[in-house]
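The values are calculated or read from the model by the stated rules, or taken from the named source; none is laboratory data. No experiment lies behind these values; they were computed from the predicted model shown. A quick note on method: Cβ atoms are made from the backbone with ideal geometry, for glycine too, and the neighbour counts reach across all protein chains shown.
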């Protein structure tokens with residue numbers, strides 16, 4: 001590869017060094033193959049239809065940026081190269097990395113390619129590399145003449161310097177090799193930015209739908225507008241094809257840029273819940289003033305005003321970014337809990353904003369230093385930033401939806417618990433109501449028994465002349481009183497119950513000439529017995545004493561009572577003949593054993609009987625207190 005670099009003495013050393021490094025990087029990105037770089041041309045400023053051979057020419061080094069080489073010129077220029085070629089049978093092509101205007105190319109006087117008109121409006125496709133096929137029949141052995149006609153604007157025309165009229169050094173080589181290089185350059189400069197812009201446009205539609213559904217999210221409409229404004233800014237190259245003049249196109253782009261700044265600043269501030277009426281009014285006024293001031297200004301001031309407005313808009317967005325991050329940092333410090341997710345969101349937002357701002361500032365800095373930019377940074381960095389913001393908002397919506405679902409599940413669980421609690425309370429109230437009704441009925445029955453049946457039995461006891469009838473009436477009266485006591489439901493002190501049981505048991509056993517030995521608990525008894533437990537225990541003791549008197553033939557009986565581990569225990573042991581062998585295994589069928597065990601089971605206790613011929617009987621009664 002033959003390449004000649006001519007240093008410009010007016011560039012600073014740092015700029016020249018960066019220019020050299022970037023050009024070397026561009027060469028490294030070139031695919032393998034030999035190409036002849038035409039970095040010097042004969043230049044004639046003329047609007048002739050062909051190269052004016054009779055007019056004087058000047059040598060022009062390439063790349064040629066009109067804003068530097070001829071800042072006050074608007075019109076057409078002819079470039080001529082003399083290329084030495086040897087016939088090889090290979091297909092040849094001419095590759096031009098950047099030609100930012102309409103042009104026409106001739107090979108040895110033959111028209112190879114013509115693009116666009118040579119008056120207003122001119123095509124603005126600086127990022128689209130050009131590859132022209134040189135017909136083999138028009139090529140000559142030895143020297144070949146290549147002429148290029150270019151139309152351009154003066155330096156004061158609107159638009160950044162990077163898009164001003166320029167011409168890169170043409171490269172002459174194998175068509176296939178140059179085609180691969182063109183495909184690579186088109187992918188990075190056009191294909192990938194357009195793909196990212198399409199993704200941004202789709203995300204803008206998603207953000208718009210979310211903004212309609214989530215009206216409380218005030219930042220979403222501005223994010224949708226921000227994403228929609230970016231593809232509009234990228235539509236500049238097609239405006240000339242639609243017949244729009246350069247001034248009108250630039251004014252339209254400035255209006256879209258003002259809208260882009262409004263949406264960017266409002267999104268960054270509204271996301272933190274911040275709204276300031278002066279800022280809203282200033283941004284709206286800026287959308288009107290920017291195109292008006294530039295459009296009504298004299299032609300000599302239009303470019304400077306446009307560049308000033310662009311610098312102001314960039315500063316506004318940078319300040320809004322810094323303010324947004326500062327507010328987020330304050331929110332993290334004030335948050336008592338949930339800082340983990342807030343810190344992650346802050347880090348992601350800081351990374352997105354920082355990378356986007358650095359890429360755009362680097363591109364502006366390289367343009368200010370007049371350095372060649374092989375790969376535009378803002379068409380890649382800004383869409384990536386917008387896509388990142390959109391995905392972050394979608395992730396926030398997903399997290400919010402997930403949080404709402406979790407709250408709904410939690411509320412449903414709480415509702416189920418409340419329903420279960422209400423059901424339990426209702427059941428308890430129903431049971432309580434039933435218990436109250438039952439208690440009233442028990443008291444009524446007890447009162448009837450006491451007042452009617454009790455009075456009649458007492459009359460029989462005192463008036464009957466038969467001792468047997470009097471005794472039976474007295475026993476029936478005691479049973480009635482016991483039943484009435486159970487029906488009234490009044491708890492009984494265990495100490496009082498022990499006294500009653502001791503008196504009755506010792507008296508009955510003594511009347512049957514059986515020595516009774518009563519063993520009370522050693523400690524003081526402070527427990528109480530429910531009325532039902534008192535009645536059932538009394539009947540179990542009476543049944544046990546009756547069995548001892550009637551069936552055991554005992555002469556001595558020991559009754560022990562104690563309280564242990566929350567249970568009341570009674571052990572009755574006699575020295576009688578025990579239960580006969582023929583009744584062994586059938587204790588529940590006789591001697592009232594079944595009723596004793598049934599009564600104990602009703603009290604959630606148990607009644608155990610141990611007996612054997614010749615060594616008496618032991619009854620163990622256990623009742624939970």
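Filter region 289-303 down to residues that are in a helix (DSSP H, G or I) and without any contact (Cβ under 8 Å) to a residue 24 or more places away in the chain and give me whichever is surrounded by the most Cβ atoms within 10 Å (Cβ to Cβ).
Residues of region 289-303 in a helix (DSSP H, G or I): 289-296, 299-303.
Right, trim to without any contact (Cβ under 8 Å) to a residue 24 or more places away in the chain and you get 289, 292-293, 296, 301.
On the way: 289: 13, 292: 13, 293: 16, 296: 10, 301: 14.
Going through the qualifying residues, I end up with 293.
Could you please give the count of residues in region 547-580 that are closer than 24 Å to residue 604 by Cβ and in a loop (DSSP other than H, G, I, E, B)?
Summing the residues that are closer than 24 Å to residue 604 by Cβ and in a loop (DSSP other than H, G, I, E, B) in region 547-580 gives 2.
Report, by residue number, each residue of region 209-242 that is in contact (Cβ under 8 Å) with a residue 12 or more places away in the chain, under 20 Å from the mean Cα position of the chain (by Cα) and surrounded by fewer than 17 Cβ atoms within 10 Å (Cβ to Cβ).
214, 218
Look at region 194-203 and say how many of its residues are touching a helix residue (DSSP H, G or I) at 6+ places or on another chain (Cβ under 8 Å) and either touching a residue at least 40 places away in the same chain (Cβ under 8 Å) or not assigned by TED's automatic domain parsing to the domain that holds residue 274 (or both).
Selection size over region 194-203: 5.
Testing residue 97 on (1) under 22 Å from residue 46 (Cβ atoms); (2) under 57 Å from the mean Cα position of the chain (by Cα), one condition comes back false. Which one is that?
Only one criterion is unmet by residue 97, namely (1).
Go over the candidates 353, 318, 413 one by one and state the one that is buried (at least 16 other Cβ atoms within 10 Å of the Cβ), over 20 Å from the mean Cα position of the chain (by Cα), in a helix (DSSP H, G or I) and at pLDDT 80 or above. Talk me through it step by step, then tell me what you get.
Values: 318 fails: buried (at least 16 other Cβ atoms within 10 Å of the Cβ); 413 fails: buried (at least 16 other Cβ atoms within 10 Å of the Cβ).
The conditions single out 353.
Do we have residue 420 as in a helix (DSSP H, G or I) and modelled with pLDDT under 90 here? Walk me through it before giving the result.
On the way: in a helix (DSSP H, G or I): yes; modelled with pLDDT under 90: no.
No.
Taking the options 274, 257, name whichever one is in the same structural domain as residue 344 (by TED's automatic domain parsing) and part of a helix (DSSP H, G or I). Let's see the steps before the verdict.
Numbers: 274 fails: part of a helix (DSSP H, G or I).
Being in the same structural domain as residue 344 (by TED's automatic domain parsing) and part of a helix (DSSP H, G or I) holds for just one of 274, 257, which is 257.
So is residue 78 within 58 Å of the chain's Cα centre (by Cα) and crowded, with 19+ Cβ neighbours inside 10 Å or not?
Working: within 58 Å of the chain's Cα centre (by Cα): no; crowded, with 19+ Cβ neighbours inside 10 Å: yes.
Answer is no for this residue.
Looking at 578, 585, 553, can you tell me which residue is in the same structural domain as residue 497 (by TED's automatic domain parsing), crowded, with 19+ Cβ neighbours inside 10 Å, farther than 18 Å from residue 498 by Cβ and modelled with pLDDT under 90? Explain how you work it out, then say what you get.
Values: 585 fails: crowded, with 19+ Cβ neighbours inside 10 Å; 553 fails: crowded, with 19+ Cβ neighbours inside 10 Å.
The unique qualifying residue is 578.
Would you confirm whether or not region 53-75 contains a residue that is assigned to a strand (DSSP E or B) and under 57 Å from the mean Cα position of the chain (by Cα)? Give the derivation first.
Step one: filter region 53-75 for residues assigned to a strand (DSSP E or B), giving 58-61, 64-65, 75.
Then keep just the ones that are under 57 Å from the mean Cα position of the chain (by Cα); that gives 64-65.
The answer is yes; a qualifying residue exists.
Please enumerate the residues belonging to region 63-75 that are surrounded by 19 or more Cβ atoms within 10 Å (Cβ to Cβ) and more than 10 Å from residue 43 (Cβ to Cβ).
Keep residues of region 63-75 that are surrounded by 19 or more Cβ atoms within 10 Å (Cβ to Cβ), which gives 64-67, 70.
Those that are surrounded by 19 or more Cβ atoms within 10 Å (Cβ to Cβ) and more than 10 Å from residue 43 (Cβ to Cβ): 65, 66, 67.
Out of the residues in region 103-127 that are touching a strand residue (DSSP E or B) at 6+ places or on another chain (Cβ under 9 Å), at pLDDT below 85 and in a loop (DSSP other than H, G, I, E, B), which is nearest to residue 37 (Cα to Cα)? Can you show your working first?
Start the filter on region 103-127 by keeping residues that are touching a strand residue (DSSP E or B) at 6+ places or on another chain (Cβ under 9 Å), which leaves 103-109, 111-119, 122-123, 125-126.
Filter once more, so that each one left must be at pLDDT below 85: 115-119, 122-123, 125-126.
Add one more test, that the residue is in a loop (DSSP other than H, G, I, E, B), and what stays is 116-119, 122-123, 125-126.
On the way: 116: 25, 117: 27, 118: 27, 119: 30, 122: 27, 123: 25, 125: 22, 126: 19 Å.
Residue satisfying both the conditions and the ranking: 126.
So in region 504-532, with the set limited to residues that are assigned to a helix (DSSP H, G or I) and modelled with pLDDT of 85 or more, which one is nearest to the chain's Cα centre (by Cα)? Step through it out loud before you land on a result.
Restricting attention to region 504-532, the residues satisfying the condition of being assigned to a helix (DSSP H, G or I) are 504-511, 531-532.
Now restrict to residues that are modelled with pLDDT of 85 or more: 505-507, 509-511.
On the way: 505: 78, 506: 81, 507: 83, 509: 83, 510: 86, 511: 88 Å.
Taking the candidates together, the pick is 505.
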